[in-house]
Amino acid sequence: MNRRSQYSPLLNGVSIEEKRAEIKEYFLNTYGLFEKVFEVLKDDTVFYRKSEPTRHPMIFYFGHTATFFINKLVNMKIVQERINPDFESIFAVGVDEMSWDDLEKAHYKWPKVDEVRAYRQEVKEKVLHLIETLPLSLRIEDDSPMWVILMGIEHERIHIETSLVLHRQMPLQYVKDSSFFPACQRSAAAPKNSLVKIAGQEVHLGIDRLNPLYGWDNEYGSYSEKVSDFHVGKYLVSNAEYMDFVNAGGYENLDFWDDEGEKFLEHSGAKHPPFWVPQEQGFKYRTLTKEIVMPMDWPVDVNALEAEAFCRYKSEKDGVTYQLPSEAEYRVLYEQSHLENIPSFHESRANLDFYHYASSCPVNEFEFNGVYDVVGNVWQWSRTPIRAFKGFKVHEAYDDFSVPTFDEKHALILGASWASSGNLITKNSRYAFRKHFYQNAGFRYVVSSQKEQQEVDIYESDDLVSQYCEFQYGQTHFGVENFAIATANLAKKFAIHTKKALDLGCATGRTSYELAKTFDRVEGIDFSVRFVQVGSKLKDEGYIAFSVKEEGDLFVNKKISIEALGYENLREKVSFWQGDACNLKPNFTGYDFIIATNLIDRLYNPRLFLDTIDERLNENGILMLTSPYTWQESSTAKEFWLGGYKDEAGEEIKTFETLKRLLGAKFELLHTQDLEFVIQETKRKYQHTISQVSLWRKK
């Protein structure tokens, strides 16, 4: 196969059949290239090793991209049947060092590699069938079923690169050389870096819905900024230029490191960049599968903290203030380099998409109007935290792609690398990582008078999440008791044992905290990370901040502390996780009490939840269900409704009667009652709902 990709298919066109063929070819290229990446591992035993302590073993990533397709297709109700529910649970959620990431080894029983290979083949056949048969019109919009296929392909493109980084971190004895991924063979003395003046201009970032290429949700919207004149490094910082910092004791001099950088040094013990291999005299350099003589003229691979420390060192040395470029400054550089976007820009003009090499190359090989490697070679760290543009709207199929990174802790990387392809190499792509992460990333420096604005309190602006924050943590209305408190009080009344509780469909987490007043340990699970991160933030940072809509575009900002809620002594008793109630991981078990709040009528297949929930409860464990039974096809296909319809004989089917039939063999019904709640939409509009509560004891 060709290791290079075809470009991301355009969303428009004139022939539907030609578009299907184009997407099929792009999918096969992506799927095959991803599997080629894993052929670098020496044998199947290596799949169960971690190359980095904060990541999963390699077997997770091998299965993850395939399960992504199925999970998204199921969640968007494009397909109804899973291929392997166990795989689609354990391979579902990756790691970004969020508090809801699960790295506990005991929670995973990894399958055999050949089983995953067979699973990947089944997924491949399923996706190919869908590409050929799904409804398709041109242009492809973000609510099209084919958009979810493109999402899966672009997601796997990301993991081609991130997996290569992990394999590059794997000890040499566990990888093998590959002629499919040839490293650059050229190296010489590094050119001396210098500054190039860039004229300022106003830049406009963000794309609109008519953009012809697939985009992630964070790319849409608008942002404008007037950028003043600045100077930029002619070259990326090379290994030779960075060597001066290392030899000057840069890793030992804490004056060059901020607080986060000091923590990184303490945790990692780093004394040099990660792909420099110490020798008795000097260093060698680690490529994907080999150690080679240090290529002094290749760009250095570092994280953002190391790049920032170098800028402080060079500033002190030269008496000039250097910093990393901002996102807006980089766009000015891009525009003034006369770069065209994909597909007009041909990948041969830069070190991109494996076109030339499967490694970095000299920093003076690819020139763009006086500045080298404006795109390609290695990603370039910026000083800009990724933030939502004006008009940002989360894509419901992948609501945890962008939102969790809008935390001022994820710095944008710019320009793509030798291993980047697909959406990654487009003009408007936006990817961000925590500053201590390693990617195929280096940096260039700028001399600029502009400073990055810091956001101290990040107010939740997602309308739905903010609405639930107000619902759970805000004021009560019309004399109706806070629903989270009321349900937790009912749980306290009926609980027989109080060691461990599960709050399923926890939303923004207040019920979990209230349950922690009764139970020794509470786990909150929600399908949406947008919700999970609220409860986690309250635990980790001690506050939540959100915006409540008054009318139109007018909002009131609210900030609530953990002390004001009286939960400061409960934070260690609660934990929050992302999960699918219809396909929970096996480690979510051993509960004395499970509460599923207003959940069953929002599940894509509630029977999958109800048929197995007893297995997660201890003896005499209690299941508490609340629901207003507002069935709707946007959440649940009608064939999976538990009630709210007439059967073929014309008999009315009510949800509670179905619950009694489904649960009766395994549970004893203890109690039912109505419980009302009020959700504020605006200052003058409220939802008043009555939920039925039923409590069941496991027989």
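Every number in this text was worked out from the coordinates using simple rules, so none of it is lab data. The structure presented is a predicted model; accordingly, all values stated were derived computationally and were not measured. As a convention, Cβ positions derive from the backbone with ideal geometry for all residues, glycine included, and neighbour counts pool all protein chains shown.
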Shape call for region 120-205, from the Cα gyration tensor axes a ≥ b ≥ c (a/c under 1.5 means rounded, otherwise prolate when a/b beats b/c, else oblate), comes out oblate
Ranked on Cβ counts within 10 Å of their own Cβ, fewest leading, ARG20, ARG383 go ARG20, ARG383
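Taking 0.36 nm per residue of separation and subtracting the Cα-Cα distance, what length does fully extending ASP318 through GLU35 add?
Here the answer is 97.2 nm.
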Stretched fully, the stretch from GLN201 through THR630 gains (0.36 nm per residue minus C-alpha distance, one decimal, in nm) 149.2 nm
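At a 10 Å Cβ-Cβ cut-off, how would you order THR597, THR498, THR658, fewest neighbours first?
THR498, THR658, THR597
Counting Lys and Arg as +1 and Asp and Glu as -1, each charge on the Cβ, what is the dipole of the chain about the Cα centre in debye, to the nearest 20?
Charge dipole of the chain: 820 debye, to the nearest 20.
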Output ordering of 504-511, 9-16 (per-residue mean of other Cβ within 10 Å, highest first) is 504-511, 9-16
When the charge dipole of the chain is computed with +1 at the Cβ of Lys and Arg and -1 at the Cβ of Asp and Glu, the Cα pointing farthest to the positive end, of TYR285, ASN239, LEU73, is that of TYR285
With label points set 7 Å from each Cα along the Cα-to-Cβ direction at ASP43 and GLU676, the distance between them in nm comes to 7.0 nm
Computed ³J(HN,Hα) along region 687-699: with the Karplus parameters 6.51/-1.76/1.60, θ = phi - 60°, integer Hz and x for glycine or proline, the list is 9, 10, 10, 10, 9, 8, 9, 10, 10, 10, 9, 5, 6
Dipole check, the chain, charges on Cβ (K,R +1; D,E -1), about Cα centroid: among GLN472, THR54, ASN341 the Cα furthest to the positive pole belongs to THR54
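What length, rounded to one decimal in nm, is gained on full extension from SER337 through to ASN253, with 0.36 nm per residue of separation minus their alpha-carbon distance? Please report the intermediate quantities before stating the final value.
Numbers: separation 84, 0.36 × 84 = 30.24 nm, distance 3.66 nm.
Extending this stretch completely gives an extra 26.6 nm.
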Shape call for region 55-205, from the Cα gyration tensor axes a ≥ b ≥ c (a/c under 1.5 means rounded, otherwise prolate when a/b beats b/c, else oblate), comes out oblate
Among the DSSP H helices of the chain, those whose Cα atoms extend at least 20 Å along the helix axis and whose mean Kyte-Doolittle hydropathy is 0.5 or higher are 58-75
With +1 on the Cβ of every Lys and Arg and -1 on the Cβ of every Asp and Glu, the dipole magnitude of region 195-447 about its Cα centre, in debye rounded to the nearest 20, is 300 debye
Dividing the mean separation of Cα pairs under 8 Å (6+ apart) by the residue count of the chain yields a relative contact order in percent of 11 percent
PRE zone check, label point 7 Å out along Cα-to-Cβ of GLU639, amide N under 14 Å, scope region 51-86, hits 77-82
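I need the peptides 167-178, 319-330 ranked by packing, meaning the mean over residues of other C-beta atoms within 10 angstrom, with the highest value on top.
Listed from highest to lowest mean packing, they are 319-330, 167-178.
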Going through LYS500/LYS638; LYS409/LYS559; LYS234/LYS271; LYS559/LYS638 one by one, the pairs whose alpha carbons sit over 29 Å apart turn out to be LYS500/LYS638; LYS559/LYS638
By the Cα gyration tensor axes a ≥ b ≥ c (a/c under 1.5 gives rounded; else a/b larger than b/c gives prolate, otherwise oblate), the shape of region 259-378 is oblate
With a Förster distance of 51 angstrom and the Cβ-Cβ distance between ALA649 and GLU262, calculated FRET efficiency to the nearest 0.05 equals 0.10
Listed by chain and number, the residues whose amide H is under 5 Å from that of VAL227, excluding neighbours fewer than 5 places away on the same chain and using placed H, are GLN201, GLU202, VAL203
With a Förster distance of 45 angstrom and the Cβ-Cβ distance between THR518 and LYS24, calculated FRET efficiency to the nearest 0.05 equals 0.25
Between (1) 1.02; (2) 1.22; (3) 0.98, the structure-derived Rg/Rh (Cα atoms, Kirkwood Rh) is (3)
Interchain or sequence-distant (5+) residues whose placed amide H lies within less than 5 Å of the amide H of HIS272 are none
In nm, the gap between the two label points placed 7 Å beyond Cα toward Cβ at LYS50 and LEU172 is 2.5 nm
Ordering 61-72, 113-124, 572-583 by per-residue average of other C-beta atoms within 10 angstrom, highest first, gives 61-72, 572-583, 113-124
